[in-house]
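Written out below as structure tokens is the structure these notes cover.
The values are calculated or read from the model by the stated rules, or taken from the named source; none is laboratory data. The structure presented is a predicted model; accordingly, all values stated were derived computationally and were not measured. Cβ placement follows ideal geometry from the backbone for every residue including glycine, while neighbour counts extend to all protein chains displayed. Side chains are part of the model used for accessible areas, which takes the heavy atoms of the whole protein and leaves out ligands, DNA and RNA. Shrake-Rupley method; radii C 1.70, N 1.55, O 1.52, S 1.80 Å.
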Amino acid sequence: MTRALFIGRFQPFHKGHEYAIDLILESCDELIIGIGSAYENYTLENPLTCGERIEIIWHYLKGRDLLDRCFICTIPDIHNNFLWPRHVISLVPKFDVVYSGNNLVLLLFQSANIPIRRIQEVDKDSYSGTTIRQLILDGKPWRHLVPKTVVPLLDEIGFETRLRNLAKKRTIQK
């Protein structure tokens, strides 16, 4: 049995994440989804709380009947890249391989002698939390970039309004 680790901030969970999960589960039996920057919230870069991200991912996995193959774990930042892989290992169930499209994540785990697999990201310019958040702030369409089951959860949270309020707060503070 092979268990993989996939870490993201999921701000918000989007179709790029969906693509990665599907790709990983084609070759691995189980997947640990690590929610990075777990304690960061209510900022433009990290508007969702960890609890909100857990709930969104859990509902997504439930809707896809994947809960029996996936774990969701939280990973707070420690701001020391050299130590970070060991920190992650201490927080999540045992895993065999790390999947990522992030060069730094791959480098850090490889340096810790942990097997890695690069995910060739699909349409990185569109399927990016940064892009989605900017589209919302610009008043442009974004809902097509996240799975349909995620949209109502983001609406319930008031994701768009929160982002706009955070952007106003940043403008006022400058």
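Name the residue, out of LEU145, LEU135, LEU163, whose mean-square fluctuation peaks in a Gaussian network model built on the chain with Cα pairs under 10 Å.
Looking only at LEU145, LEU135, LEU163, the biggest GNM fluctuation is shown by LEU135.
What figure, in Å² to the nearest 10, do you get for the accessible area of HIS14 with a 1.4 Å probe and non-protein molecules left out?
10 Å²
For VAL97, enumerate residues with amide H under 5 Å from its amide H, sequence gap 5+ or separate chain, H modeled in the peptide plane.
Those qualifying (amide H under 5 Å, at least 5 residues apart or on another chain) are ARG3, LEU5.
At 0.36 nm per residue, and after removing the present C-alpha to C-alpha distance, how many nm does the segment from HIS79 to ARG118 gain when stretched out fully?
Fully extending the segment from HIS79 to ARG118 adds 11.7 nm.
Give a residue-ordered list of calculated ³J(HN,Hα) values for segment 98-106 (Karplus: 6.51 cos²θ - 1.76 cosθ + 1.60, θ = phi - 60°; whole Hz; x for Gly, Pro).
10, 10, 6, x, 8, 4, 5, 4, 4
Out of the total accessible area of segment 16-174 (probe 1.4 Å, heavy atoms of protein only), what percent is carbon and sulfur?
51 percent
I'd like to know which of LEU44, HIS17, PRO152 lies farthest towards the positive end of the charge dipole of the chain, counting +1 on Cβ of Lys and Arg and -1 on Cβ of Asp and Glu.
Result: LEU44, furthest along the dipole toward the positive end.
At R0 = 30 Å, how high is the FRET efficiency between GLU55 and ASP138 if r is their beta carbon distance? Nearest 0.05 is fine.
Efficiency, from the Cβ-Cβ distance: 0.65.
Using only alpha carbons, build the gyration tensor for segment 1-147 and give me the equivalent ellipsoid semi-axes, biggest first, whole Å.
Ellipsoid half-lengths, sorted descending, are 23, 18, 15 Å.
What residue among GLY63, GLY101, GLY129 shows peak mean-square fluctuation when the chain is described by a Gaussian network model with Cα springs under 10 Å?
With Cα springs under 10 Å in the chain, the top fluctuation among GLY63, GLY101, GLY129 is at GLY63.
Between ILE72 and residues 5 or more places away or on another chain, which pairs have amide H atoms under 5 Å apart, with H built 1.01 Å from N, and which residues are they?
Here the answer is ILE33, since their amide H atoms fall under 5 Å of that of ILE72.
Dipole of segment 1-104, Cα-centred, from +1 at each Lys and Arg C-beta and -1 at each Asp and Glu C-beta, to the nearest 20 debye?
That gives segment 1-104 a dipole magnitude of about 140 debye.
In debye, nearest 20, what is the charge dipole magnitude of segment 86-174 about its Cα centre with +1 on Lys and Arg Cβ and -1 on Asp and Glu Cβ, if you could check?
Charge dipole, segment 86-174, about its Cα centre: 360 debye, nearest 20.
Starting from the 7 Å offset along Cα-to-Cβ, what nm value, one decimal, do you get for the label separation of PHE71 and THR161?
3.7 nm
From the protein chains alone at 1.4 Å, what is the descending order of accessible area for TYR99, TYR127, largest first?
TYR127, TYR99
Apply the Karplus curve 6.51 cos²θ - 1.76 cosθ + 1.60, θ = phi - 60°, to the phi angles in segment 29-41 and return the couplings in whole Hz, x for Gly and Pro.
Each residue's phi maps through the Karplus curve to give 6, 9, 9, 9, 9, x, 8, x, 6, 4, 8, 7, 6 Hz.
Sequence gap at least 6, Cα distance under 8 Å: using those rules, report the relative contact order of the chain to the nearest whole percent.
Relative contact order comes out at 27 percent.
Accessible area per residue for the chain in Å², computed with a 1.4 Å probe and the full protein assembly in place, what is it?
I get 54 Å² per residue for the chain.
On a 0 to 90° scale, report how tilted helix 15-27 is relative to the longest principal axis of the chain, with both axes built from alpha carbons and the result rounded to the nearest 10.
10 degrees
State to the nearest 20 debye the size of the charge dipole of the chain about its Cα centre, where the only charges are +1 on K and R beta carbons and -1 on D and E beta carbons.
Its charge dipole is roughly 560 debye.
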